[in-house]
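Here's the structure, in structure tokens; my notes come after.
None of the figures in this text is laboratory data; all of them are computed from the coordinates on show. Computed from a predicted model, the values in this text were never measured in an experiment. In this analysis, Cβ positions are derived from the backbone assuming ideal geometry, glycine residues included, and neighbour counts consider all displayed protein chains.
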Amino acid sequence: MEAELKIEGLSVYFGKKKILDSISMEIPPKSITAIIGPSGCGKSTFIRTINRMNDRFEDFHAEGSIIFKGENVLSKDYPIEELRRKIGMVFQKPNPFPKSIRENVLFGLRINGIKDKQKLETILKRSLEAASLYEQVKDNLSMNAYKLSGGQQQRLCMARALAVEPEILLLDEPTSAIDPIATKQIEEALERISKDITIVIVTHNIQQAARIADYIAFFYLGKLVEFGEAEKMLNSPQQKLTDEYLTGIYG
Amino acid sequence: MNFKKRILKERIIFTIISILAIAILISIFSIFFIIVSKGIRVINLTFLTSITSFDFKGIPTGGIGPAIMGTFIVTAIGLAFSVPIGILAGIYLSEYKSKGHLFNVMRMMVSNLAGVPSVVHGLFGMAVFTIIFGFGLSILSASMTLAILALPIIIMTTENAMKDVPIDLREAAYALGAKRWQSAFFVVFPVAFSKIMTGVILASARIAGETAPILFTGATLYLAHYPTALNEQFMALPYMIYGLVTTSMNINASVPFAFGIALVLVVLIVIMNIAIMIVRSKSRKSLQGG
Amino acid sequence: MKSIFRRLPDRLLAMPGWISIAIIMAISFFLFYNWIPLFKSTSPFGFFFGTLWYPTAVPPLYGILPLIDATLWISTLAVMITFPFSFVLAIFISYVLPKKLRYTVKNILEIFSSIPSVVLGLIGLTIVAPYFQNVLNMDTGQNILNSALMLSLLTIPLPTSMMEDFITSFPVDQIEGGRALGATESEILFKIVVPGLKGPFSSIAMLSLGRIFGETMIVLMVAGNAAIFPSNIFDPARTLSATIAAEMGETPVDSPHFYALFGIGAVLFVITFVINLIGEIIRIKYEREMGRS
């Protein structure tokens, strides 16, 4: 099985502080990989490095490589905007634009110059359905996104990310600020989506990982401690640290 | 017992503060009051629309129509030059993160430009627009001089307005693959728009009231007609106030007239400030959603 | 090749930004360009240190020392009035006024800060000056005191509202810390808040100082017309800026008088530039200390 994303010896520094230490792993395609670990162990930094959102920080520095479709994403010549269309992101705090629901979802398409009204409407519906939001908002697509509840806004952000048809979707603790019912809807949506898109989700909620993940990566203090199939890791982890974390000593 | 002393000290301090503060507020109110009470006697429709003339005793008669129009025209043209450039520069300074000294220098230059005395702007305008560009004493020279005065105001308010927009919106845009200018114009700018408009209105209030920059770039006291061309001299409200009470033939008689003009100017500025407040409260409501 | 087009919108957008640098450089250039020719007929020493500003004398004298002296008199007096009163007013608005009034008073202050200087000059000339002369029996109502008063009224609103903004947005946890130690409100204010705002307040002070120094219309209309060394605040005076405004209208282009006036402009420009620079440096130092968010 060809890996979607191959991370090789990734080390990340902010100034002199080393946040990630020689991470090497392969993310399997069309599945859900959960990244777990105690707070501050570099999980967010890790996935933000994948779509190069950390580039904006002047003291950010990365070594190693992240291979996506045969090319190293971290190299200076790699076109960043294209990268981000193929690798989308949903953030911890929902951040819809203060525009209508329709304009939120279609934003990514519009900046790519897609104007065909038919095509836009089709993608709009498809993305909202994929995020389990369509039924709730289909009569109010012109409504300002800020009027939606937190859970709805987060699903809107998912729909927005899905509209540009990424191959990988990164999610940074997407349900930590959301109520349980909305969380369940988002998790169900992710399970559906993962048949076509590779999902990498950072979560500090082990139960969530247990519910939806196909693979789990356990990070601790900037190092990758263990990576494997979800069921195997949860029931019989190889590493002692992993075992301790899972049984609730850490986190 | 020490505690009681501290409470007493507290009361004394705040009482003194209040007295001094109220004294200032009273002075400010009395200024408004003086302008209104003296100015209102002179104001009527004729005053606002007729051309100015002076009778043989040197007493101004007629109205200030040309001056009102002159002020409007010069403000409008000044904004036409300064607003597009200023907004773009403000967007650039805000969205393109400083990679070193160049940005800091640019920002410092903008704020220094903001601190240049208006009379120096007048000198510059005279040297460059009147003499070198050859526009002479004209609406054009004066407008461009005022545009340079307004430019740093617009740049700074635009930059601050854009910076006030929270980072998450930009991150959302970048994560979708937007380029920096796309995020700047399509996401951040619409949110910052009302604050930017506030800055533009503030700049126009400033330009409308300035005298020194137009002193030697085109303003005049005696014009028997409404302005007709850009390369002509023009009348303006602030300059008229100054001219009437210092250089006119009959100063004492001109004073009430001058107060009338002052009232018109102040009313214009109050209207602009009210517009700012309306824009502000509207934007606050729309960003809070439902 | 593709990378050139990618950067094009960014490069285009940078151009308006360069304009402000260009304009400041142009202003400096033209001021000095129209000033240097003066030194064909007057020595630099005579300009900077000459004690007589007398363009109509034969030979004309272009010493700016009396003008500088007058500028210092008026600015210093204005600063002595403006700073304490803005400070007090800012505290009044943030600490004493009930919330409902705060909004109204701030709005009124904001409107007042847009009042053109020429209007305040009008009041100073036609109301305060006669009052000084007739009721208070001063030799002339157009003097340093009058213009400093009107200048203060003009300047006070802006630093007041800036300081008030800073006071109101001061981090609450530090204030709570003070309260938990039993400090009274005024103690918190003067021992925690104000010292913590040293940086911004200094830079606000510099900003106001620059505006006071460069003000033209009020001093022109209210301070009288005598280009002499004042001896007390009841004397008339003529500042640098007022001199330019008063005399440029009648001066033929490219005459020594013309150059001398540009020279005054250059001096004013440099002074306000330095004041603003100091203010900016203070501001940047403060921001660095507070950390970037």
Quiz prompt | Two-site label geometry, C:Asp10 and B:Asp55: point separation in nm, points 7 Å out along Cα→Cβ | solution = 7.0
Exercise. In whole Hz, with x marking every Gly and Pro, tabulate ³J(HN,Hα) for region C:181-198 from phi via Karplus 6.51 cos²θ - 1.76 cosθ + 1.60, θ = phi - 60°.
Key: 8, x, 6, 7, 4, 5, 5, 4, 4, 8, 9, 10, 5, 4, x, x, 9, 3
Self-check item: Using distinct alpha-carbon pairs, which all enter the 1/r mean, Kirkwood radius of the protein assembly as shown in Å
Solution: 30.7
Quiz item: If the cut-off is 12 Å between C-alpha atoms, which aspartates and glutamates fall inside it for C:Lys106, apart from same-chain ones fewer than 8 positions away?
Solution: C:Glu164, C:Asp165
Quiz item: From the square roots a ≥ b ≥ c of the eigenvalues of the alpha-carbon gyration tensor of chain C, which class results: rounded (a/c under 1.5), prolate (a/b over b/c), or oblate?
Solution: oblate
Quiz item: Using helices alone, what [θ] at 222 nm do you get for chain A, with -39,500 (n - 2.57) per DSSP H run of 4 or more residues, divided over all residues and rounded to the nearest 500?
Solution: -10500 deg cm²/dmol
Quiz prompt | chain B: relative contact order in percent, alpha carbon pairs under 8 Å with at least 6 residues between | solution = 26
Exercise. Residues in region A:1-27, backbone N under 18 Å from the label point at A:Glu71 (7 Å along the Cα-to-beta-carbon vector): list them, ranges by number please.
Key: A:4-8
Quiz item: When the helix-only estimate is applied to chain B (DSSP H runs of n ≥ 4, each -39,500 (n - 2.57), divided by the residue count), what is the mean residue ellipticity at 222 nm, nearest 500 deg cm²/dmol?
Solution: -24000 deg cm²/dmol
Quiz item: Karplus couplings for region B:84-91 from phi (6.51 cos²θ - 1.76 cosθ + 1.60, θ = phi - 60°), rounded to Hz, Gly and Pro as x?
Solution: x, 5, x, 5, 4, 5, x, 4
Exercise. Can you pull the one-decimal nm distance between simple spin-label points at C:Ile36 and C:Asp165, each 7 Å off the Cα toward Cβ?
Key: 4.1
Exercise. Only Cα pairs under 8 Å and at least 6 apart count here; give the relative contact order of region A:71-176 as a rounded whole percent.
Key: 49
Quiz item: How far is the Cα center of region B:166-188 from the Cα center of region A:142-163, in Å?
Solution: 16
Practice problem: Using the 2.2 N^0.38 Å rule of thumb for compact globular proteins, work out how region C:126-174 stacks up: its C-alpha Rg over that value, please. | Solution: 1.85
Exercise. Work out the mean other chain Cβ neighbour count within 10 Å for the residues of A:166-177 and drop it here as an integer.
Key: 0
Exercise. Starting from the Cα of A:Lys115, draw a straight line to each of the aspartates and glutamates and keep only those under 15 Å, dropping any in the same chain fewer than 8 residues away.
Key: A:Glu103
Exercise. At q = 0.20, 0.23 Å⁻¹, what is the base-10 log of I(q)/I(0) for region B:206-290 according to the Debye formula with one equal point scatterer per Cα and no solvent? Please give it to two decimals.
Key: -0.96, -1.14
Quiz item: Efficiency by 1/(1 + (r/R0)^6): what FRET value for A:Lys18 and C:Phe45, r their Cβ-Cβ distance, R0 = 60 Å, to the nearest 0.05?
Solution: 0.40
Practice problem: Grab region A:1-92 and count how many Lys pairs have their alpha-carbon atoms under 17 Å apart, sequence gap of 8 or more, or different chains. | Solution: 9
Exercise. Compute the FRET efficiency between A:Lys119 and A:Lys232 as 1/(1 + (r/R0)^6), taking r as their Cβ-Cβ distance and R0 = 41 Å, and round to the nearest 0.05.
Key: 0.45
Quiz item: Using 1/(1 + (r/R0)^6) with R0 = 25 angstrom and r between the beta carbons of B:Phe103 and A:Glu81, what's the FRET efficiency to the nearest 0.05?
Solution: 0.65
Practice problem: Provide the percentage of antiparallel DSSP beta bridges, counting only those with both residues in region A:98-251; round to the nearest 5. | Solution: 60
Quiz prompt | Sum of -39500 (n - 2.57) over DSSP H runs of 4+, divided by residues of chain C (222 nm, nearest 500) | solution = -21000 deg cm²/dmol
Practice problem: Report, as an integer, the average count of C-beta atoms from other chains found within 10 Å of each Cβ along B:13-22. | Solution: 6
Practice problem: Straight distance only, please: which aspartates and glutamates reach the Cα of C:Lys40 with their own Cα at less than 16 Å, same-chain residues fewer than 8 apart left out? | Solution: C:Asp254
Quiz item: In region B:177-256, what chymotrypsin sites (Phe, Trp or Tyr not before Pro) fall in a loop by DSSP, with at most 11 other Cβ atoms inside 10 Å?
Solution: B:Tyr222
Exercise. Only loop residues by DSSP count here, and only those with at most 16 other Cβ atoms within 10 Å; note down the trypsin sites (Lys or Arg not before Pro) in region A:120-192 that meet that.
Key: A:Lys138
Quiz item: Can you give me the relative contact order of chain A as a percent, contacts being Cα pairs under 8 Å and 6 or more apart?
Solution: 28
Quiz item: What is the mean number of Cβ atoms from other protein chains located within 10 Å of the Cβ atom of each residue in peptide B:180-187, rounded to a whole number?
Solution: 4
Practice problem: Note down, for region C:75-211, the three equivalent ellipsoid semi-axes (square root of 5 times each alpha carbon gyration tensor eigenvalue), biggest first, whole angstrom. | Solution: 34, 15, 14
Quiz item: Can you work out ³J(HN,Hα) from phi for every residue in region C:212-229, in order, using Karplus 6.51 cos²θ - 1.76 cosθ + 1.60 and θ = phi - 60°, giving whole Hz and x for Gly and Pro?
Solution: 5, 4, x, 4, 10, 5, 5, 5, 4, 8, 10, 8, x, 10, 9, 8, 10, 7
